[in-house]
Amino acid sequence: MSRRTKKSLLNKQSTSSSSASGAKATAALNAVFDRFRDSSDAPDTIGQNGTIEYLEELGVGFDEPVALVIAQLLESPSMATFTREGFLKGWKSINVNSFDSMKAAIPTLRSSLADNDTFKRIYLFTFNYAREPPSKSLPLDSAMAYWKLLLEGRFDTLLPVWFEFLENMEKEKNKDLKDGDAAKRKGVVITKDTWGCLLDFVKFANEDPGLEKYDLEYGSWPTILDNFVKYFRSKHEMDLS
């Protein structure tokens, strides 16, 4: 047998072995996916109940930041939903092919949030993940819940003041409502632009906690952040008086 023939056979065997290994991994991941899919779910979807059960068995709380890392990795199209395609693609991308290896990957996924680039990717992903189509914005209560989940430890000094400012905005919008007019209540909504810019503002505020360098006149921040800085400065002056 010539060297060329031997090399050709070895290449075919390697390709065949790789294909067999890939097929085995796909079958194993499909088995995990189907294990958590309810009978009421579409064939290629894990719905809310299955998602919560899946995360619990992984040792992950639905209200933990790492749950968002998993959602982003598996290309979750909406809150508490996984598709078969995203599930297989995501786990394969980090060479995970069994439930045990999924559990083993959680500490690494959890610690990945310490990387600024990874955190930014998860933070920006969360906006579309959390909103309910066809709405293009987030209601205030949802935005605040996810900000608390993601920004605690990164924006601790100003986060409570930011929430207070937003809640006061909502109260101001509804100050003329009478009892029984709940249906007419106007909520504050958070746009994608505000969501994204807040992360840049967090970095700015961590470097300048007193917001002394924030330029209200010539800065390029969204109006809502300009108004927050005015609110913060006014509140700070009152606290000092």
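No lab work stands behind these numbers, since they all come straight from the coordinates. Computed from a prediction, not measured in an experiment: that's the story for all the values here. Positions of Cβ are backbone-derived with ideal geometry, glycine not excepted, and every protein chain shown enters the neighbour counts.
For region 118-240, what class follows from the C-alpha gyration tensor (a ≥ b ≥ c being the square roots of its eigenvalues): rounded when a/c is under 1.5, otherwise prolate if a/b is larger than b/c, else oblate?
Numbers: a/c = 1.88, a/b = 1.14, b/c = 1.65.
Oblate, because a/c is 1.5 or more while a/b does not exceed b/c.
Any idea how far the Cα center of region 40-80 sits from the one of region 85-143, in Å?
Result: 9 Å between the Cα centres.
Just how large is the dipole of region 72-191 about the Cα centre, in debye to the nearest 20, putting +1 at every Lys and Arg Cβ and -1 at every Asp and Glu Cβ? Walk me through the numbers before you get to the answer.
Values: 18 positive and 16 negative charges, 63 e Å.
In total the dipole reaches around 300 debye.
Hey, what angle do you get for helix 192-207 against the long axis of the chain, alpha-carbon based, 0 to 90 degrees rounded to 10?
The angle comes out at about 80 degrees.
Can you tell me the FRET efficiency between K24 and K103 if r is taken as the Cβ-Cβ distance and R0 is 22 Å, rounded to the nearest 0.05? Don't skip to the end; give the middle numbers.
Details: r = 19 Å, r/R0 = 0.87.
Efficiency, rounded to the nearest 0.05: 0.70.
Size of the dipole of region 15-114 about the Cα centre, Lys and Arg at +1 and Asp and Glu at -1 on the beta carbon, nothing else charged, in debye to 20? Let's see the in-between values first.
Details: 8 positive and 12 negative charges, 88 e Å.
Dipole size: approximately 420 debye.
Helix 159-173: angle to the longest alpha-carbon principal axis of the chain, degrees 0 to 90, nearest 10?
60
Determine the alpha carbon to alpha carbon distance for each of K186/K213; K136/K186; K148/K171; K92/K148; K92/K136; K92/K120 and list only those over 27 Å. Mind dumping the intermediate values first?
Working: K186/K213 33 Å; K136/K186 16 Å; K148/K171 20 Å; K92/K148 31 Å; K92/K136 31 Å; K92/K120 23 Å.
Table pairs above 27 Å Cα-Cα are K186/K213; K92/K148; K92/K136.
What is the helix-to-structure angle for 84-93, meaning the angle in degrees between its Cα long axis and the longest Cα principal axis of the chain, kept from 0 to 90 and rounded to the nearest 10?
Taking the Cα atoms of the chain, the angle to 84-93 is about 80 degrees.
Would you work out which of F232, S93, T45 lies farthest towards the positive end of the dipole of the chain, given +1 charges on the beta-carbon of Lys and Arg and -1 on that of Asp and Glu, about the Cα centre?
Result: S93, furthest along the dipole toward the positive end.
Which entry in (1) 92, 45, 29; (2) 67, 37, 29; (3) 64, 45, 36 is this structure's computed Cα extents along the principal axes in Å?
Matching the structure shown: (1).
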